[in-house]
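Report on the structure given below.
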Amino acid sequence: MSKKNAEAILLRLHELYPQTECTLDIDDNVFHLVVRAVLSAQCTDVRVNEVTKVLFEKHPDYMDFLEAGEEKIGRIIKPCGFWKAKSHYLYEIARMMRDDFDGKVPTTQEELMRFPGVGRKVANLIVSEMFGTPAVVVDTHCMRVSGRLGLSSGKDPLTIEKELMKILPKEEWAPFGHRMVDHGRTVCNARSPKCEECGLLDLCPTGKKKVKHG
Ligand code: SF4
């Protein structure tokens, strides 16, 4: 994919989704976004936002998580699924904040990825949303849609992230990820992409092929 084609796609995405943002709730507490991102594995952002409203009302910060313990946290986060593993991760994250990071969430991807339940996708989300470090968040929507659009050809998130970083301007990295989620959820679904009504059809090799061959 040439930079010129990528620019055309980027421009169109701006037209189609002028306002875009992270679909997980964000407040001014970095720990809260870490918790929401960990809970969002195999769970919808809508449910995570609902559950964490209750969770943070009862246990607003990492010290409260340590005081409450895994059991209590687990009972509240149960609707998010995999609650035993997730409550263990959250407790450990709170403990590491206390013991290793001076009560703060670390600011680099490398340090964040020392937390259990935090992979590159979550680390990129935290640094780009909370610390102003440009990063592409490659989730399942971004992988699928950027592949179909011909913006990436890699099969794993890290390769795709590197490909996208090469062709997108830095200031677009974070919003591009959000727009991939917008488009993937509304039009370019995993099973049945709505190519005929897609605003990117004229720029999309996969869509053109699909429409041509029926
Ligand atoms: S044309 Fe089809 S495959 Fe391409 S982005 Fe649109 S919905 Fe997805």
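The values are calculated or read from the model by the stated rules, or taken from the named source; none is laboratory data. Model, not experiment: these values are computed from the prediction. So basically every Cβ, Gly included, is an ideal-geometry build from the backbone, and we count neighbours across all protein chains shown.
State the number of residues belonging to the range 111-136 that are of a type in the set (F, W, Y) and within 18 Å of Y91 (Cβ to Cβ).
The qualifying residues number 1.
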Within the range 171-178, can one find any residue that is exposed (fewer than 15 other Cβ atoms within 10 Å of the Cβ) and out of contact with any strand residue (DSSP E or B) (no Cβ under 9 Å at 6 or more places or on another chain)? yes
I'm trying to understand the selection: among the residues of the range 1-46, which are of a type in the set (K, R) and either modelled with pLDDT of 95 or more or not in a helix (DSSP H, G or I) (or both)? R12, R36
Picked from the range 134-146 (must be surrounded by 16 or more Cβ atoms within 10 Å (Cβ to Cβ) and in contact (Cβ under 8 Å) with a residue 40 or more places away in the chain), the residue nearest to C188 (Cα to Cα) is V145
Taking I126 as the residue in question, decide whether it is β-branched (V, I, T), in a helix (DSSP H, G or I), within 26 Å of T107 (Cβ to Cβ) and within 13 Å of the chain's Cα centre (by Cα). yes
Is there any pair linking a residue in the range 58-84 that is within 16 Å of V48 (Cβ to Cβ) to one that is part of a helix (DSSP H, G or I) and among the polar types (S, T, N, Q), with Cβ under 8 Å and at least six apart or on different chains, and which? I73/S87; G74/S87; I77/S87
Top-ranked residue of the range 152-165 - restricted to ones that are surrounded by fewer than 19 Cβ atoms within 10 Å (Cβ to Cβ) and outside any helix (DSSP H, G or I), ranked as nearest to the ligand (Cβ to nearest atom): S153
If you check K121 against the conditions, is it charged (D, E, K, R) and more than 17 Å from A41 (Cβ to Cβ)? no
Take the range 166-214 and flag every residue that is more than 12 Å from the ligand (Cβ to nearest atom) and in contact with a Phe, Trp or Tyr (Cβ under 7 Å, 6 or more places away or on another chain). L168
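Which one is farthest from E171 (Cα to Cα) among residues in the range 128-151 that are touching a Leu at 6+ places or on another chain (Cβ under 7 Å) and away from the ligand (no atom under 13 Å from the Cβ)?
M130
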